[in-house]
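Asker: Here it is, the structure in full.
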Amino acid sequence: MKHEQIVALFDGRGTAEITLRGVEVAQSSTIAAVAYELGYRLHETDIATRSQWRLTYLRDDSPDVRRRAQHTMARLRAGGPLFPPSVPAGMPPGPGRQIAPMEAASARQNVKAYETHGSRGLVVIAGLLSAAFLVLAWVAREAIGGAVALLAAAALSAVVAVLIPRWMRNWYERNRGRVARFDWQRSRQGGPPPPPAPPPPV
């Protein structure tokens, strides 16, 4: 899909449901980046198969997000780019590396995936592999060389199962950091944040 087709999916409706098939799955980060600019957040990813994903986005009605969406639409109507420059004109670049929109979108998806599923699934898979290698080592116990190799594979799988939560947590924190830095970059482009909404009536 081209950028114009993706933009048309986020036309202000409350919910945008997108089905990706085949090579379109590789565009999920592009779609996430466009959705962010137009004021939508990923609600659910349903992976029917490896080549068919269903994405559900919800419109975010918070004041700062709506303002960002309005700025994006105004920029597009004026013939400008979909994504604003990482460093606004007349403003010095901030310290550290600049995060590109696609990188931020991918990081945002990774954060959502970890917060939804955690690392338990990977730990279970590594644990099952370790158990399977132990069973095979028992079956092949008369062949000393093969049994030793299978026991080593079982031990390695067990170690991986123990370390996966730490690895995944570090991966999650790196992605959170990229998202936070990108949001900070975008806040510099849009000026000061809007005032908070008034409290609801009692």
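Asker: For the stretch 105-132, which positions are farther than 30 Å from residue 177 by Cβ and open to solvent by 60 Å² or more (accessible area, probe 1.4 Å)? Outline the logic, then answer.
Answerer: So the first thing to find is which residues in the stretch 105-132 are farther than 30 Å from residue 177 by Cβ, and the list is 128-132.
Answer for the stretch 105-132, where residues must be farther than 30 Å from residue 177 by Cβ and open to solvent by 60 Å² or more (accessible area, probe 1.4 Å): 128, 129.
Asker: Assuming residue 28 fulfils every condition listed in (1) over 23 Å from residue 114 (Cα atoms); (2) in contact (Cβ under 8 Å) with a residue 60 or more places away in the chain; (3) open to solvent by less than 70 Å² (accessible area, probe 1.4 Å) apart from one, which condition is it?
Answerer: If we test residue 28 against (1) over 23 Å from residue 114 (Cα atoms); (2) in contact (Cβ under 8 Å) with a residue 60 or more places away in the chain; (3) open to solvent by less than 70 Å² (accessible area, probe 1.4 Å), just (1) comes out false.
Asker: From the list 101, 88, 92, 84, exactly one residue is closer than 20 Å to residue 40 by Cα and modelled with pLDDT under 85. Which is it? Give the derivation first.
Answerer: Numbers: 101 fails: modelled with pLDDT under 85; 88 fails: closer than 20 Å to residue 40 by Cα; 92 fails: closer than 20 Å to residue 40 by Cα.
Being closer than 20 Å to residue 40 by Cα and modelled with pLDDT under 85 holds for just one of 101, 88, 92, 84, which is 84.
Asker: Looking at (1) assigned to a helix (DSSP H, G or I); (2) open to solvent by 40 Å² or more (accessible area, probe 1.4 Å), which one does residue 36 not meet, given that it meets all the others?
Answerer: All conditions are met except number (2).
Asker: Next up: What number of residues in the stretch 121-171 are of a type outside the set (A, V, I, L, M) and under 35 Å from the mean Cα position of the chain (by Cα)? Full working, then the answer.
Answerer: Initially, the stretch 121-171 is screened for residues of a type outside the set (A, V, I, L, M), giving 121, 127, 130, 133, 138, 141-142, 145-146, 157, 165-167, 169-171.
From the residues that got through so far, the ones that are under 35 Å from the mean Cα position of the chain (by Cα) too are 121, 127, 130, 133, 157, 165-167, 169-171.
Adding up the residues that qualify gives 11.
Asker: Please determine, by comparing only the residues of the stretch 54-78 that are closer than 28 Å to residue 21 by Cα and open to solvent by less than 60 Å² (accessible area, probe 1.4 Å), which one is farthest from the chain's Cα centre (by Cα).
Answerer: Selected residue: 76.
The values are calculated or read from the model by the stated rules, or taken from the named source; none is laboratory data. All figures in this text were calculated on a predicted structure; none of them were measured in a lab. Cβ sites come from the backbone with ideal geometry, for glycine too, and all protein chains shown count toward neighbours. Areas reflect the complete protein model, heavy atoms only, side chains present, ligands, DNA and RNA absent. Shrake-Rupley method; radii C 1.70, N 1.55, O 1.52, S 1.80 Å.
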